[in-house]
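Inspection log for the structure reproduced underneath, given as structure tokens.
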Amino acid sequence: MTRTVLICCHHTCPKQGSASILAAFQAQAPADVEVRQAGCFGECGNGPLVRVLPDEVWYAHVQQADIPVIVKQHLRQNRPVKQKLYRKFHQPNHGAIAALFLFFSFFGFLIGLCWLLASHTEVF
């Protein structure tokens with residue numbers, strides 16, 4: 001399936017440099033990737049915004065220096081650039097944090113259980 005890179009060129013994004021972002025993507029994107037301007041994404045103030053379809057990957061505050069990285073890593077190697085992801089739509093993976101919390105919660109439960117058992121045991 002062909003990828004399409006959409007660059008918001010409406011409302012505040014042009015004031016933030018979306019026209020030059022569009023031109024740079026058009027110059028650097030692989031031949032099998034369509035690059036075009038788009039209307040408002042409804043996320044004003046976070047631009048220039050770049051949206052990659054069909055991946056549904058959103059990049060916020062894209063600057064000229066970000067484009068070669070996005071082209072190489074995402075468009076050529078199929079790995080979205082985590083540092084530039086728009087956090088509203090791409091939440092960081094909290095799996096490791098949740099696992100640690102669960103581990104320490106269980107560990108605390110065991111210590112509490114041991115304390116409870118020890119406090120109710122008579123020592124002769």
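Taking segment 80-91 as the search range and keeping residues that are farther than 17 Å from C13 by Cβ and in a helix (DSSP H, G or I), which one is farthest from the chain's Cα centre (by Cα)?
Q83
Kindly indicate which of L49, L53 is within 17 Å of V81 (Cα to Cα), touching a residue at least 24 places away in the same chain (Cβ under 8 Å) and in contact with a Cys (Cβ under 8 Å, 6 or more places away or on another chain). Show your work before the answer.
Details: L53 fails: in contact with a Cys (Cβ under 8 Å, 6 or more places away or on another chain).
Among L49, L53, only L49 is within 17 Å of V81 (Cα to Cα), touching a residue at least 24 places away in the same chain (Cβ under 8 Å) and in contact with a Cys (Cβ under 8 Å, 6 or more places away or on another chain).
FYI, it's all coordinate maths here, none of it is from the lab. Remember, predicted model here, so these are calculated numbers, not experimental data. With ideal geometry, Cβ positions are generated from the backbone for all residues, glycine too; neighbour counts draw on all protein chains shown.
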